[in-house]
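Have a look at the structure below, then the notes.
The values are calculated or read from the model by the stated rules, or taken from the named source; none is laboratory data. Fair warning: this is a prediction, and the values are worked out from it, not measured in the lab. Heads up, the Cβs are rebuilt from the backbone with ideal geometry, glycines too, and the neighbour counts pull from every protein chain shown.
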């Protein structure tokens with residue numbers, strides 16, 4: 001069977017997997033896991049990729065990603081090359097570190113994206129070493145496992161700067177702690193079970209995880225391209241046009257009746273307007289949060305993250321705000 005094609009476009013979300021060559025171990029000690037996480041952080045920043053969840057096991061990895069720039073191959077090349085060089089030379093192990101090409105399936109739909117976080121987080125208790133454990137023992141093992149995003153998802157560890165926790169809000173609780181507790185129950189409910197809906201969707205398509213319409217649409221798109229290409233490779237969906245920072249801030253300033261230059265001033269004088277401008281710049285410009293931070297005069301990207309969190313809190317209280325964001329988005333990006 002020919003290897004599956006890869007599909008990439010700005011804003012694509014993926015379940016990415018990669019194994020050690022011949023299923024050999026790629027992490028031999030704690031220092032290896034830490035080195036990989038450092039290189040993952042650097043690659044995320046360099047390529048503007050968003051990480052939603054991850055797990056690192058001794059011989060393979062799972063990553064749940066979004067690529068605002070449609071640049072998954074460049075990101076994965078940067079990450080795997082950096083770690084492979086470290087592994088080969090520091091461990092004196094010649095040859096390939098990773099086995100062949102990484103796997104990358106598109107994912108769509110909030111329910112499927114949330115289920116995927118659970119699937120990824122449950123990997124440490126789906127191994128042969130845990131098969132005889134009781135559900136209670138598996139939970140203990142899972143909550144002690146340090147090399148995944150699960151502990152920070154449920155509040156057992158501090159939030160990780162490399163992660164975006166937006167899918168926690170789908171738990172529907174009023175507070176962050178409430179969402180974390182609900183997510184822990186969401187995990188515990190499948191500690192000894194398979195998510196048949198998600199696993200079924202994974203088996204249905206080589207290219208996509210989602211509802212039937214999304215899988216069929218993706219498969220049809222792949223078939224349409226393959227009919228015109230003799231060789232396999234990447235399939236690049238038409239790129240969504242990026243919007244300049246100045247275009248976005250001009251539209252936001254007009255909507256809120258303020259001067260465009262005010263949006264780039266420090267302080268809380270323009271309040272929600274600045275948070276809206278920052279959110280739209282993050283969504284539509286194709287730039288990283290660090291680049292957005294520089295444009296708005298911040299010294300670090302954490303200030304941008306705080307503004308986006310503030311806007312999320314406002315949207316939770318005001319259901320009309322998402323509609324206003326939608327209208328502004330259509331105005332600058334028809």
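Only a single item in (1) farther than 15 Å from residue 150 by Cα; (2) more than 21 Å from the chain's Cα centre (by Cα) is not met by residue 81, and it is number (2). Looking only at region 308-320, residues that are modelled with pLDDT under 80 and in contact with a helix residue (DSSP H, G or I) (Cβ under 6 Å, 6 or more places away or on another chain) come to 1 in all. Return a yes/no flag: does region 102-110 have any residue that is in contact (Cβ under 8 Å) with a residue 24 or more places away in the chain, closer than 19 Å to residue 287 by Cα and over 15 Å from the mean Cα position of the chain (by Cα). Looking for residues that are in contact (Cβ under 8 Å) with a residue 24 or more places away in the chain, closer than 19 Å to residue 287 by Cα and over 15 Å from the mean Cα position of the chain (by Cα), one finds none in region 102-110, hence no.
In the set 305, 299, only one residue is out of contact with any helix residue (DSSP H, G or I) (no Cβ under 6 Å at 6 or more places or on another chain) and not in a helix (DSSP H, G or I); that residue is 299.
Among the criteria (1) in contact with a helix residue (DSSP H, G or I) (Cβ under 6 Å, 6 or more places away or on another chain); (2) assigned to a helix (DSSP H, G or I); (3) closer than 24 Å to residue 153 by Cα, the one residue 64 does not fulfil is (2). Checking each residue in region 271-301 for being loosely packed, with under 13 Cβ neighbours inside 10 Å and touching a residue at least 12 places away in the same chain (Cβ under 8 Å) picks out only 297.
Residues that are within 17 Å of residue 332 (Cα to Cα) and either modelled with pLDDT under 60 or surrounded by 15 or more Cβ atoms within 10 Å (Cβ to Cβ) (or both) within region 218-241 comprise 239, 240, listed in sequence order. Candidates 36, 75: the one that is within 28 Å of residue 144 (Cβ to Cβ), buried (at least 21 other Cβ atoms within 10 Å of the Cβ) and assigned by TED's automatic domain parsing to the domain that holds residue 110 is 36. Just so you know, in region 109-158 the residues that are outside any helix (DSSP H, G or I) and touching a strand residue (DSSP E or B) at 6+ places or on another chain (Cβ under 9 Å) include one that is farthest from residue 12 (Cα to Cα), and it is 145.
Only residues that are out of contact with any helix residue (DSSP H, G or I) (no Cβ under 7 Å at 6 or more places or on another chain) and assigned to a loop (DSSP other than H, G, I, E, B) were counted in region 252-268, giving 5. If you check 22, 100 for being at pLDDT below 85, in a helix (DSSP H, G or I) and closer than 29 Å to residue 201 by Cα, only one passes: 22.
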